[in-house]
Each structure stands twice: as structure tokens, then as C-alpha cells.
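Comments concern the structure below.
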Amino acid sequence: MASGGGKAKENVIDLQRLMNQKVMIKFNGGREVVGVLKGFDPTLNVVIDDTIEYLRLDEDDGSTLPPMPSLSDAEDLPGTRKLGLVMCRGQSIMVICPLDGTEEIANPFALQQEADEQRI
């Protein structure tokens, strides 16, 4: 039985430091959205505003179009859909990461695979 006098459970992820910042969220099933984090709860349900969904082009390789620009630039790009204010259920979220300070890099595993194929 659970005791009533225990401590409140703390989140492993400190989302408070990401409040009012742009975040990228990946969901189970491959959906990706970018928006401004406005709120969250202990079960990691999150509310994001100015949300833009990046639509997948090819389900086989999971590619998206286009690369993620700033929120103001993404409204008119093909392969995106503006959603506005969205509440995301915590159970369906796989990844939450800040957009500021991140950049896309070349896949080192793909580079290694290309080098191996050239040797053969």
C-alpha cells in the first residue's frame, strides 16, 4: 500500500527551463512538430503554441521536407502544416529537445558505410 505522507514524484526532465522557447517534439509513429513550449504537467503532457508539423515524404526512410527553419519562415514551405496551439499527450512523445543551440550534422554512420562500400 502507498503511504500518504510520501514526497511528490519529481520529473526526470526539467522542462521548466525550456518554457517559452522553441522545442522540437517527435512522436510515436514518426510525426514531428516545432513550437513554443507554453506548459506541461507531471505526466509530460505538453502545450505548445505556434506549432508547425513537418510532414513525412517517404515512410521507408523517414525523411522530412524541408529542414527545420525558424518558426516565422516555415509557414509557407511545402511539406509543413501550421497547427497553432496544441496539447500533446505525454504517452505519445518520444523526444523533446530545444531548437536553440542545435544544428543538423551529417550522419557519421552513413559516411562510414559509404567508405566501406568504396573499398569493396
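The values are calculated or read from the model by the stated rules, or taken from the named source; none is laboratory data. Bear in mind the structure is a predicted one, so any value in this text is a computation, not a measurement. Glycine also receives a Cβ, built like all others from the backbone with ideal geometry; neighbour counts cover every protein chain displayed. For accessibility, only protein heavy atoms count, side chains too; no ligands or nucleic acids. Shrake-Rupley method; radii C 1.70, N 1.55, O 1.52, S 1.80 Å.
Here are a few things to note about the model shown:
- Within the stretch 36-54, being within 17 Å of MET94 (Cβ to Cβ) and either among the hydrophobic types (A, V, I, L, M, F, W, C) or surrounded by fewer than 17 Cβ atoms within 10 Å (Cβ to Cβ) (or both) holds for LEU37, PHE40, THR43, LEU44, ASN45, VAL46, ILE48.
- Residues considered: LEU77, LEU57, LEU83. Of these, the only one that is open to solvent by 90 Å² or more (accessible area, probe 1.4 Å) and either out of contact with any strand residue (DSSP E or B) (no Cβ under 6 Å at 6 or more places or on another chain) or at pLDDT below 95 (or both) is LEU57.
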